[in-house]
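*Asks:* One structure is given below, represented as structure tokens, and several questions about it will come after.
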Amino acid sequence: MTRNIAFGNFLGKASIPMLTLHSSLNIIFTHYVRRYNSAFLTSSAVFLSELFKFLLCFGILAVQHQSKIFDHLEIHFRPSQLGKLIIPAALFTLQNNLFYMANTNLDSITYQITYQFKIVTTAFFSYVILAKHFSKTQVFSLAVLLFGIVLIQIEDSAADLFSGKAKDNQLIGFGQVIVASISSGFTNVYLEKIYKSSDDTLLIKNLQLSLLSIPISIGNILIQDGATVSQRGLFYAYDVPVLTLVLFNALGGLIISLVLKHHDNITKIFSTSVSIILTFVLSVYLFDKRVNEYFMFGLIHVFVSIYLYYF
């Protein structure tokens, strides 16, 4: 028992650098996969990711409890317990699709800037749901962080905008990303509360969440891509890189749950912000990306915001 607690504490401490590294590699790998294979259905990828996460959690629990696995699960899969997770499961599916559609309807610079609205919504729901207190300095640090991230991303986004890649339906896309940001802030804070107030293990909570997300994802496939699936099949254009990306996303969901259990959503925001910087640095070596004054100025803002918030 003591060994399990010590291992859990180790994973909690390691979850922040794990999330930072995972977020960076995920951005780069997604860029690579979508660049060379854009034909696969993202709705099926979301479904498959949840299925992999479910099977992984179930497999670990089966090894731990062996022949008593179903007796153990029966205790944790009562309607009263699952009911608490229906809302976040549905909202996760909603926001993933809204972000994808918004990226289609908005030009890059508008999408990147409005996407950072999730920083504001996460802080707001942390205050409302968790009664988290923010000092004036911490509120200011979040504003500095928001500005710094926008600066880091604005160079490439502006290039897309001025090169004539602006999308139609700007107002619709703006509404989609705002609704998705509100949903993201609420869902993550709500899950943080559940993770920290429940005696269930993270494996159980992830298993419950995936069990609810899988049928919702199937419904989304039928609504969004039903005609395409009937013609080409659910896994059309899948290959090894796509399957690897799906598995990687499933792993990311588990890492995020560790962060929410042992830390909080604000720490998660700072972690993913640092991952954007790491992604930029890796892109310099992998894609010959050039460092510019926007990046350096934004980098300073991010590190200043971290110092102001935590020190």
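*Asks:* With Gly148, Gly164, Gly173 as the choices, which residue is at pLDDT 85 or above and either assigned to a helix (DSSP H, G or I) or among the small types (Gly, Ala, Ser) (or both)?
*Replies:* Gly148
*Asks:* Find all pairs meeting these conditions: Cβ atoms under 9 angstrom apart; at least six residues apart or on different chains; first residue within the range 7-26 and of a type in the set (Ser, Thr, Tyr); second residue not in a helix (DSSP H, G or I).
*Replies:* Filtered contacts from the range 7-26: Ser15/His263.
*Asks:* Examine the range 222-235 for a residue that is of a type in the set (S, T, N, Q) and either farther than 22 Å from Leu41 by Cβ or surrounded by 19 or more Cβ atoms within 10 Å (Cβ to Cβ) (or both), and state whether such a residue exists.
*Replies:* No, the range 222-235 has no match at all.
*Asks:* Somewhere in the range 127-138, is a residue modelled with pLDDT of 80 or more, assigned to a helix (DSSP H, G or I), of a type outside the set (Lys, Arg) and farther than 19 Å from Ser183 by Cβ?
*Replies:* Within the range 127-138, one or more residues are modelled with pLDDT of 80 or more, assigned to a helix (DSSP H, G or I), of a type outside the set (Lys, Arg) and farther than 19 Å from Ser183 by Cβ.
*Asks:* Would you call Gly12 in a helix (DSSP H, G or I), farther than 30 Å from Ile223 by Cα and at pLDDT 80 or above?
*Replies:* So Gly12 does not fit the description; no.
*Asks:* While we're here: Among (1) within 25 Å of Phe147 (Cβ to Cβ); (2) in a loop (DSSP other than H, G, I, E, B); (3) not β-branched (Val, Ile, Thr), where does Leu234 come up short?
*Replies:* Result: Leu234 passes all but (1).
*Asks:* When the residues of the range 223-242 are filtered to those that are aliphatic (A, V, I, L, M) and without any contact (Cβ under 8 Å) to a residue 60 or more places away in the chain, which remaining residue is nearest to Asn97 (Cα to Cα)?
*Replies:* Ranking the candidates gives Ile223 first.
The values are calculated or read from the model by the stated rules, or taken from the named source; none is laboratory data. Note that this is a predicted model, so its numbers are computed, not measured. Neighbour counts run over all protein chains shown; Cβ positions are idealised from the backbone, glycine included.
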